[in-house]
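The block underneath contains the structure these notes are about, expressed in C-alpha coordinates.
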Amino acid sequence: MDIQRDADLQPFNTFHVAARAARLARFRSVEELRDLLQAPELKGLPQMVFGGGSNILLTRDWPGVILLNEITGMEVVEETDEHVVVRSGAGELWHQFVTYCVGQGWGGIENLSLIPGKVGAAPMQNIGAYGVEIKDAFDHLEALRLSDGAVVRFSAAECRFGYRESFFKREGKGQYIILNVAFKLAKHPQVHTHYGSIKHELEKRGITQPSIQDVSDAVISIRRSKLPDPLALGNAGSFFKNPVVSAELADRIKAEYPDMVSFPAGDGQVKLAAGWLIEKAGWKGFREANLGVHKDQALVLVNYGGSTGQAIYDLSTRVLESVKEKFGVELEREVNIV
Ligand code: EPU
(Lines give C-alpha, C1' and ligand atoms only; values in the text may rest on other atoms or scores of the structure.)
Protein backbone atom coordinates (compact mmCIF):
# COMPACT_ATOMS: atom_id res chain seq x y z
CA MET A 1 0.00 0.00 0.00
CA ASP A 2 1.29 3.40 -0.98
CA ILE A 3 1.10 5.46 2.24
CA GLN A 4 3.50 8.27 3.02
CA ARG A 5 3.86 9.90 6.46
CA ASP A 6 4.26 13.63 7.15
CA ALA A 7 3.94 14.42 3.46
CA ASP A 8 4.79 17.73 1.81
CA LEU A 9 1.66 19.06 0.04
CA GLN A 10 3.37 21.89 -1.83
CA PRO A 11 3.73 19.87 -5.06
CA PHE A 12 0.04 18.92 -4.88
CA ASN A 13 -1.63 22.34 -4.75
CA THR A 14 -1.47 24.86 -7.59
CA PHE A 15 -1.22 27.80 -5.16
CA HIS A 16 2.15 26.19 -4.23
CA VAL A 17 1.65 26.95 -0.55
CA ALA A 18 3.61 24.95 1.99
CA ALA A 19 1.54 22.56 4.13
CA ARG A 20 1.95 19.03 5.41
CA ALA A 21 -0.38 16.06 5.71
CA ALA A 22 -0.14 13.41 8.42
CA ARG A 23 -0.61 10.78 5.67
CA LEU A 24 -0.69 10.82 1.87
CA ALA A 25 -2.01 7.75 0.08
CA ARG A 26 -2.46 7.00 -3.62
CA PHE A 27 -4.98 4.67 -5.23
CA ARG A 28 -5.18 3.46 -8.82
CA SER A 29 -8.39 1.41 -8.62
CA VAL A 30 -11.48 1.02 -6.49
CA GLU A 31 -9.92 -2.10 -4.95
CA GLU A 32 -6.84 -0.15 -3.87
CA LEU A 33 -9.11 2.55 -2.47
CA ARG A 34 -11.10 -0.01 -0.46
CA ASP A 35 -7.84 -1.46 0.91
CA LEU A 36 -6.69 1.99 1.97
CA LEU A 37 -9.98 2.75 3.69
CA GLN A 38 -9.61 -0.49 5.69
CA ALA A 39 -5.94 0.07 6.53
CA PRO A 40 -5.45 0.19 10.33
CA GLU A 41 -2.94 3.02 9.86
CA LEU A 42 -5.60 5.26 8.31
CA LYS A 43 -8.61 4.24 10.40
CA GLY A 44 -10.30 7.14 12.15
CA LEU A 45 -8.26 9.82 10.40
CA PRO A 46 -10.11 12.61 8.60
CA GLN A 47 -9.97 12.09 4.84
CA MET A 48 -9.73 14.45 1.93
CA VAL A 49 -9.40 13.57 -1.76
CA PHE A 50 -7.08 15.59 -3.96
CA GLY A 51 -7.57 15.79 -7.70
CA GLY A 52 -5.20 18.27 -9.26
CA GLY A 53 -5.17 20.52 -6.16
CA SER A 54 -6.19 23.35 -8.46
CA ASN A 55 -9.22 24.64 -6.56
CA ILE A 56 -7.98 24.53 -3.01
CA LEU A 57 -6.29 26.87 -0.57
CA LEU A 58 -4.43 25.17 2.29
CA THR A 59 -4.30 27.49 5.29
CA ARG A 60 -3.00 24.84 7.71
CA ASP A 61 -1.47 21.39 7.94
CA TRP A 62 -3.88 18.50 7.42
CA PRO A 63 -4.09 16.22 10.45
CA GLY A 64 -5.56 13.31 8.47
CA VAL A 65 -5.02 11.51 5.20
CA ILE A 66 -4.95 13.02 1.73
CA LEU A 67 -6.13 10.49 -0.84
CA LEU A 68 -4.66 10.98 -4.30
CA ASN A 69 -6.96 9.66 -6.97
CA GLU A 70 -4.88 8.06 -9.75
CA ILE A 71 -7.59 6.00 -11.45
CA THR A 72 -6.94 6.42 -15.17
CA GLY A 73 -8.33 5.10 -18.46
CA MET A 74 -10.86 6.35 -20.99
CA GLU A 75 -13.35 4.18 -22.84
CA VAL A 76 -16.48 4.40 -24.94
CA VAL A 77 -19.30 2.70 -23.06
CA GLU A 78 -22.18 3.45 -25.47
CA GLU A 79 -22.36 4.49 -29.09
CA THR A 80 -25.07 5.41 -31.61
CA ASP A 81 -24.92 7.21 -34.99
CA GLU A 82 -25.34 10.48 -33.11
CA HIS A 83 -23.53 10.09 -29.80
CA VAL A 84 -20.84 8.42 -27.81
CA VAL A 85 -20.86 8.03 -24.07
CA VAL A 86 -17.24 8.14 -23.03
CA ARG A 87 -16.09 7.34 -19.53
CA SER A 88 -12.91 8.55 -17.93
CA GLY A 89 -11.16 7.54 -14.74
CA ALA A 90 -11.38 10.32 -12.16
CA GLY A 91 -7.58 10.55 -12.00
CA GLU A 92 -7.10 11.54 -15.66
CA LEU A 93 -6.10 15.14 -16.26
CA TRP A 94 -9.18 17.05 -17.42
CA HIS A 95 -7.43 18.77 -20.31
CA GLN A 96 -6.01 15.47 -21.59
CA PHE A 97 -9.51 14.04 -21.60
CA VAL A 98 -10.83 17.08 -23.51
CA THR A 99 -7.94 16.85 -26.00
CA TYR A 100 -8.67 13.16 -26.59
CA CYS A 101 -12.40 13.81 -27.21
CA VAL A 102 -11.76 16.79 -29.49
CA GLY A 103 -9.22 14.68 -31.41
CA GLN A 104 -11.88 12.00 -31.95
CA GLY A 105 -14.32 14.64 -33.27
CA TRP A 106 -16.67 14.25 -30.28
CA GLY A 107 -18.19 17.59 -29.35
CA GLY A 108 -19.57 19.02 -26.12
CA ILE A 109 -16.66 19.87 -23.85
CA GLU A 110 -14.29 21.74 -26.21
CA ASN A 111 -15.14 25.09 -24.53
CA LEU A 112 -13.74 23.60 -21.34
CA SER A 113 -10.24 23.14 -22.79
CA LEU A 114 -7.21 23.85 -20.59
CA ILE A 115 -9.11 23.91 -17.30
CA PRO A 116 -6.62 22.64 -14.72
CA GLY A 117 -7.41 19.71 -12.47
CA LYS A 118 -8.54 16.13 -12.85
CA VAL A 119 -11.70 14.60 -14.30
CA GLY A 120 -13.01 13.57 -10.87
CA ALA A 121 -13.03 17.16 -9.65
CA ALA A 122 -15.03 18.43 -12.63
CA PRO A 123 -18.49 17.40 -11.35
CA MET A 124 -17.74 18.51 -7.79
CA GLN A 125 -18.06 22.13 -8.78
CA ASN A 126 -19.68 21.73 -12.21
CA ILE A 127 -16.71 23.38 -13.94
CA GLY A 128 -17.64 25.90 -16.58
CA ALA A 129 -16.11 28.31 -19.04
CA TYR A 130 -17.03 30.24 -22.18
CA GLY A 131 -20.74 29.51 -22.10
CA VAL A 132 -20.59 25.75 -21.29
CA GLU A 133 -20.70 23.82 -18.02
CA ILE A 134 -20.01 20.12 -17.62
CA LYS A 135 -23.64 19.54 -16.71
CA ASP A 136 -24.45 20.23 -20.39
CA ALA A 137 -22.54 17.12 -21.53
CA PHE A 138 -22.60 15.01 -18.37
CA ASP A 139 -24.08 11.50 -18.58
CA HIS A 140 -23.36 9.81 -15.25
CA LEU A 141 -20.67 9.13 -12.69
CA GLU A 142 -19.77 6.37 -10.29
CA ALA A 143 -18.65 7.07 -6.74
CA LEU A 144 -17.69 5.01 -3.73
CA ARG A 145 -20.02 5.60 -0.79
CA LEU A 146 -17.83 5.79 2.29
CA SER A 147 -20.51 4.64 4.74
CA ASP A 148 -20.74 1.12 3.24
CA GLY A 149 -18.13 0.88 0.48
CA ALA A 150 -20.77 0.47 -2.26
CA VAL A 151 -20.23 1.88 -5.75
CA VAL A 152 -23.18 4.16 -6.53
CA ARG A 153 -24.19 5.56 -9.93
CA PHE A 154 -25.35 9.20 -10.14
CA SER A 155 -27.36 10.71 -13.00
CA ALA A 156 -27.09 14.41 -13.84
CA ALA A 157 -30.28 15.12 -11.87
CA GLU A 158 -28.88 13.31 -8.84
CA CYS A 159 -25.71 15.41 -8.98
CA ARG A 160 -27.92 18.55 -8.54
CA PHE A 161 -25.61 20.75 -10.56
CA GLY A 162 -25.73 24.51 -10.13
CA TYR A 163 -23.33 27.35 -10.90
CA ARG A 164 -20.02 25.96 -9.52
CA GLU A 165 -22.15 23.72 -7.28
CA SER A 166 -23.21 20.10 -6.94
CA PHE A 167 -24.56 17.58 -4.45
CA PHE A 168 -20.93 16.58 -3.75
CA LYS A 169 -20.05 20.08 -2.53
CA ARG A 170 -23.18 20.39 -0.39
CA GLU A 171 -25.32 17.56 1.08
CA GLY A 172 -22.97 14.80 -0.07
CA LYS A 173 -19.79 16.52 1.06
CA GLY A 174 -17.19 14.08 2.40
CA GLN A 175 -19.47 11.07 1.86
CA TYR A 176 -18.43 9.87 -1.61
CA ILE A 177 -15.26 9.44 -3.61
CA ILE A 178 -15.77 9.91 -7.34
CA LEU A 179 -14.26 7.01 -9.32
CA ASN A 180 -15.16 7.78 -12.92
CA VAL A 181 -17.24 10.24 -14.94
CA ALA A 182 -19.03 9.67 -18.25
CA PHE A 183 -20.00 12.28 -20.82
CA LYS A 184 -22.44 12.10 -23.71
CA LEU A 185 -20.72 13.73 -26.67
CA ALA A 186 -22.00 14.46 -30.16
CA LYS A 187 -20.55 12.91 -33.31
CA HIS A 188 -21.97 15.77 -35.41
CA PRO A 189 -21.40 18.59 -32.96
CA GLN A 190 -22.88 22.05 -32.83
CA VAL A 191 -20.31 24.54 -31.64
CA HIS A 192 -21.02 27.07 -28.85
CA THR A 193 -19.44 30.33 -29.88
CA HIS A 194 -21.84 32.89 -28.41
CA TYR A 195 -19.45 33.87 -25.56
CA GLY A 196 -18.01 37.25 -26.54
CA SER A 197 -14.33 36.45 -26.27
CA ILE A 198 -14.62 33.24 -28.36
CA LYS A 199 -16.48 35.08 -31.11
CA HIS A 200 -13.82 37.74 -31.10
CA GLU A 201 -10.92 35.24 -31.15
CA LEU A 202 -12.44 33.29 -34.08
CA GLU A 203 -13.02 36.52 -36.03
CA LYS A 204 -9.41 37.50 -35.39
CA ARG A 205 -8.38 34.16 -36.91
CA GLY A 206 -10.71 34.63 -39.91
CA ILE A 207 -12.68 31.48 -39.05
CA THR A 208 -16.37 31.62 -40.01
CA GLN A 209 -17.33 27.90 -39.81
CA PRO A 210 -15.47 26.76 -36.71
CA SER A 211 -14.89 23.08 -35.95
CA ILE A 212 -14.67 21.88 -32.35
CA GLN A 213 -10.89 21.90 -32.80
CA ASP A 214 -11.05 25.60 -33.77
CA VAL A 215 -13.14 26.36 -30.68
CA SER A 216 -10.74 24.44 -28.46
CA ASP A 217 -7.76 26.28 -29.99
CA ALA A 218 -9.51 29.65 -29.47
CA VAL A 219 -10.31 28.85 -25.83
CA ILE A 220 -6.72 27.74 -25.18
CA SER A 221 -5.42 30.97 -26.61
CA ILE A 222 -7.86 33.14 -24.58
CA ARG A 223 -7.04 31.30 -21.37
CA ARG A 224 -3.29 31.60 -21.98
CA SER A 225 -3.62 35.34 -22.55
CA LYS A 226 -5.72 36.03 -19.43
CA LEU A 227 -5.12 33.37 -16.83
CA PRO A 228 -1.75 32.71 -15.24
CA ASP A 229 -0.27 29.24 -15.79
CA PRO A 230 -0.26 27.62 -12.33
CA LEU A 231 3.08 25.97 -13.12
CA ALA A 232 4.66 29.39 -13.49
CA LEU A 233 2.65 31.43 -10.95
CA GLY A 234 0.75 29.92 -8.02
CA ASN A 235 -3.03 30.38 -8.31
CA ALA A 236 -6.31 28.45 -8.24
CA GLY A 237 -8.20 30.14 -11.07
CA SER A 238 -11.18 32.27 -10.11
CA PHE A 239 -10.98 32.79 -6.37
CA PHE A 240 -14.55 34.10 -6.10
CA LYS A 241 -17.85 33.23 -7.76
CA ASN A 242 -19.65 35.72 -9.94
CA PRO A 243 -22.35 37.06 -7.56
CA VAL A 244 -26.05 36.98 -8.34
CA VAL A 245 -27.82 40.09 -7.06
CA SER A 246 -31.26 41.69 -7.32
CA ALA A 247 -31.98 43.70 -10.48
CA GLU A 248 -32.57 46.65 -8.18
CA LEU A 249 -29.04 46.57 -6.75
CA ALA A 250 -27.58 46.02 -10.23
CA ASP A 251 -29.50 49.08 -11.51
CA ARG A 252 -28.18 51.19 -8.66
CA ILE A 253 -24.58 50.22 -9.46
CA LYS A 254 -25.13 50.74 -13.17
CA ALA A 255 -26.48 54.24 -12.60
CA GLU A 256 -23.11 55.16 -11.13
CA TYR A 257 -20.95 52.94 -13.38
CA PRO A 258 -22.50 52.69 -16.84
CA ASP A 259 -19.77 50.23 -17.92
CA MET A 260 -20.85 47.65 -15.33
CA VAL A 261 -20.65 44.07 -16.66
CA SER A 262 -23.77 41.95 -16.01
CA PHE A 263 -25.73 38.98 -17.34
CA PRO A 264 -29.41 38.17 -16.79
CA ALA A 265 -29.80 35.35 -14.26
CA GLY A 266 -33.60 34.85 -14.34
CA ASP A 267 -36.19 35.57 -11.62
CA GLY A 268 -35.43 39.30 -11.53
CA GLN A 269 -31.83 38.48 -10.65
CA VAL A 270 -28.64 39.63 -12.34
CA LYS A 271 -25.19 38.03 -12.36
CA LEU A 272 -22.34 40.50 -12.01
CA ALA A 273 -18.73 39.95 -13.09
CA ALA A 274 -16.77 39.63 -9.85
CA GLY A 275 -13.57 40.45 -11.79
CA TRP A 276 -15.08 43.76 -12.83
CA LEU A 277 -16.19 44.61 -9.25
CA ILE A 278 -12.75 43.75 -7.84
CA GLU A 279 -11.02 45.75 -10.55
CA LYS A 280 -13.25 48.78 -9.88
CA ALA A 281 -12.51 48.46 -6.17
CA GLY A 282 -8.88 49.07 -7.13
CA TRP A 283 -7.36 45.61 -6.62
CA LYS A 284 -6.33 44.55 -10.13
CA GLY A 285 -2.53 44.11 -10.21
CA PHE A 286 -2.26 44.75 -6.45
CA ARG A 287 0.89 43.21 -4.99
CA GLU A 288 2.07 43.07 -1.40
CA ALA A 289 5.22 41.10 -0.62
CA ASN A 290 4.80 37.72 -2.30
CA LEU A 291 1.08 37.70 -3.00
CA GLY A 292 -1.38 39.70 -5.03
CA VAL A 293 -4.29 40.05 -7.44
CA HIS A 294 -3.51 39.08 -11.02
CA LYS A 295 -2.83 41.96 -13.40
CA ASP A 296 -4.98 40.62 -16.26
CA GLN A 297 -7.87 39.01 -14.37
CA ALA A 298 -8.83 40.45 -10.99
CA LEU A 299 -10.74 37.28 -10.02
CA VAL A 300 -7.47 35.42 -9.64
CA LEU A 301 -5.30 35.71 -6.51
CA VAL A 302 -1.66 34.80 -7.04
CA ASN A 303 1.25 33.55 -4.96
CA TYR A 304 4.53 34.94 -6.32
CA GLY A 305 6.34 32.33 -4.23
CA GLY A 306 6.61 31.69 -0.51
CA SER A 307 3.25 33.09 0.52
CA THR A 308 1.27 31.20 3.14
CA GLY A 309 -2.27 30.01 2.61
CA GLN A 310 -3.39 32.11 5.57
CA ALA A 311 -1.94 35.29 4.02
CA ILE A 312 -3.78 34.56 0.75
CA TYR A 313 -6.97 33.95 2.73
CA ASP A 314 -6.51 37.25 4.58
CA LEU A 315 -6.05 39.08 1.28
CA SER A 316 -9.27 37.50 0.00
CA THR A 317 -11.06 38.83 3.10
CA ARG A 318 -9.78 42.34 2.38
CA VAL A 319 -11.00 42.07 -1.21
CA LEU A 320 -14.42 40.80 -0.03
CA GLU A 321 -14.78 43.60 2.47
CA SER A 322 -13.80 46.32 0.06
CA VAL A 323 -16.23 45.12 -2.64
CA LYS A 324 -18.96 44.93 -0.01
CA GLU A 325 -18.21 48.46 1.13
CA LYS A 326 -18.00 49.96 -2.35
CA PHE A 327 -20.90 48.17 -4.07
CA GLY A 328 -22.92 46.53 -1.30
CA VAL A 329 -22.25 43.17 -3.02
CA GLU A 330 -21.30 40.11 -1.00
CA LEU A 331 -18.74 37.96 -2.85
CA GLU A 332 -18.45 34.27 -2.11
CA ARG A 333 -15.20 32.31 -2.33
CA GLU A 334 -15.15 29.70 -5.08
CA VAL A 335 -11.96 27.98 -3.99
CA ASN A 336 -12.22 25.33 -1.25
CA ILE A 337 -10.60 26.57 1.93
CA VAL A 338 -8.89 24.06 4.22
N1 EPU B 1 -13.63 41.66 -16.12
C2 EPU B 1 -13.14 42.89 -15.73
N3 EPU B 1 -11.98 42.92 -15.00
C4 EPU B 1 -11.31 41.78 -14.65
C5 EPU B 1 -11.83 40.52 -15.04
C6 EPU B 1 -13.00 40.50 -15.78
O7 EPU B 1 -13.70 43.93 -16.03
O8 EPU B 1 -10.27 41.90 -14.01
C9 EPU B 1 -14.84 41.63 -16.97
C10 EPU B 1 -14.46 41.19 -18.38
O11 EPU B 1 -14.08 42.28 -19.17
C12 EPU B 1 -15.74 40.59 -18.89
C13 EPU B 1 -16.36 40.00 -17.63
O14 EPU B 1 -15.72 40.63 -16.53
O15 EPU B 1 -16.60 41.54 -19.39
C16 EPU B 1 -16.20 38.49 -17.55
O17 EPU B 1 -14.83 38.17 -17.60
P18 EPU B 1 -14.28 36.76 -18.14
O19 EPU B 1 -14.85 36.45 -19.47
O20 EPU B 1 -12.80 36.77 -18.01
O21 EPU B 1 -14.92 35.70 -17.16
P22 EPU B 1 -15.18 35.71 -15.59
O23 EPU B 1 -16.63 35.88 -15.33
O24 EPU B 1 -14.25 36.66 -14.93
C25 EPU B 1 -15.68 33.16 -15.53
C26 EPU B 1 -15.24 31.94 -14.78
C27 EPU B 1 -13.89 31.47 -15.28
C28 EPU B 1 -14.01 31.16 -16.76
C29 EPU B 1 -14.46 32.45 -17.48
C30 EPU B 1 -14.70 32.23 -18.95
C31 EPU B 1 -16.26 32.13 -12.60
C32 EPU B 1 -16.04 32.36 -11.14
N33 EPU B 1 -15.18 32.21 -13.37
O34 EPU B 1 -14.76 34.21 -15.22
O35 EPU B 1 -13.61 30.24 -14.60
O36 EPU B 1 -12.78 30.71 -17.29
O37 EPU B 1 -15.73 32.89 -16.91
O38 EPU B 1 -15.89 31.58 -19.14
O39 EPU B 1 -17.38 31.86 -13.00
C40 EPU B 1 -12.53 29.32 -12.70
O41 EPU B 1 -13.65 28.93 -12.33
O42 EPU B 1 -11.49 29.08 -12.02
C43 EPU B 1 -12.41 30.08 -13.93
C44 EPU B 1 -11.25 30.58 -14.36
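The values are calculated or read from the model by the stated rules, or taken from the named source; none is laboratory data. Worth saying up front: this structure is predicted, and the values here are computed from it rather than measured. Virtual Cβ from ideal backbone geometry, glycine too; neighbours counted across all protein chains shown. These area figures cover heavy atoms from the full protein model, side chains too; ligands, DNA and RNA do not enter into them. Shrake-Rupley method; radii C 1.70, N 1.55, O 1.52, S 1.80 Å.
Identify, among 134, 76, 107, the residue whose Cα sits farthest towards the positive end of the charge dipole of the stretch 74-186, taking +1 on the Cβ of Lys and Arg and -1 on the Cβ of Asp and Glu, with the dipole about the Cα centre.
Result: 134, furthest along the dipole toward the positive end.
From the backbone phi of the stretch 152-161, what are the Karplus-calculated ³J(HN,Hα) couplings (6.51 cos²θ - 1.76 cosθ + 1.60, θ = phi - 60°) in whole Hz, Gly and Pro given as x?
10, 9, 10, 7, 4, 4, 5, 6, 6, 5
With the Cα gyration tensor of the stretch 183-230 giving a ≥ b ≥ c as the square roots of its eigenvalues, does the rule (a/c under 1.5 for rounded; else a/b larger than b/c for prolate; else oblate) give rounded, prolate or oblate?
Numbers: a/c = 2.33, a/b = 1.31, b/c = 1.78.
Oblate shape, in that a/c is at least 1.5 and b/c is the bigger or equal ratio.
Please calculate how many Å² of accessible area the stretch 46-119 carries per residue, with a 1.4 Å probe and no DNA, RNA or ligand atoms counted. Intermediate values should be presented prior to the final figure.
Details: 2740 Å² over 74 residues.
On a per-residue basis, 37 Å².
Please list 136-147, 36-47, 292-303 highest first by mean number of surrounding beta-carbon atoms within 10 Å per residue.
Going by the mean number of other Cβ atoms within 10 Å, highest first, we get 292-303, 136-147, 36-47.
Tell me, what is the percent relative contact order of the stretch 67-209, built from C-alpha pairs under 8 Å that lie six or more residues apart?
Values: 272 pairs, mean separation 39.2, N = 143.
Relative contact order here is 27 percent.
Suppose only helical runs count, i.e. DSSP H with n ≥ 4. What mean residue ellipticity at 222 nm does that imply for the chain under -39500 (n - 2.57) per run, divided by all residues and rounded to the nearest 500 deg cm²/dmol? Walk me through the numbers on the way to the answer.
On the way: 8 runs with 84 residues, N = 338.
-7500 deg cm²/dmol, from helical runs alone.
In whole percent, how big is the carbon plus sulfur part of the accessible area of the chain, probe 1.4 Å, protein atoms only? All intermediate terms of the calculation are to be shown ahead of the outcome.
On the way: 7530 of 15690 Å².
Answer for the chain is 48 percent, counting heavy atoms of protein chains only.
Specify which residue in the list 315, 272, 19 is farthest towards the positive end of the charge dipole of the chain, using unit charges on the beta carbon of Lys, Arg (+1) and Asp, Glu (-1), about the Cα centre.
The residue sitting farthest along the positive end of the dipole is 315.
Which of the three applies to the chain, rounded, prolate or oblate, going by the alpha-carbon gyration tensor with a ≥ b ≥ c and a/c under 1.5 meaning rounded? Before the final figure, lay out the partial values.
Numbers: a/c = 1.73, a/b = 1.15, b/c = 1.50.
The shape class here is oblate.
Using the structure shown, list the pairs from 135/295; 43/173; 184/204 with a Cα-Cα distance above 21 Å, or answer none.
Numbers: 135/295 31 Å; 43/173 19 Å; 184/204 31 Å.
Pairs exceeding 21 Å: 135/295; 184/204.
Ranking request for peptides 15-27, 228-240: highest mean number of other beta-carbon atoms within 10 Å first, then the rest in descending order. Mind showing how you got there, number by number?
On the way: 15-27: 20.8, 228-240: 19.3.
Packing order, densest peptide first, comes out as 15-27, 228-240.
Which value, in debye to the nearest 20, gives the size of the charge dipole of the chain about its Cα centre, when Lys and Arg are +1 and Asp and Glu are -1 at the Cβ?
Values: 38 positive and 43 negative charges, 148 e Å.
The calculation lands at about 700 debye.
Solvent-accessible area per residue for the stretch 234-337 at a 1.4 Å probe radius, Å²?
Values: 4910 Å² over 104 residues.
On a per-residue basis, the stretch 234-337 sits at 47 Å².
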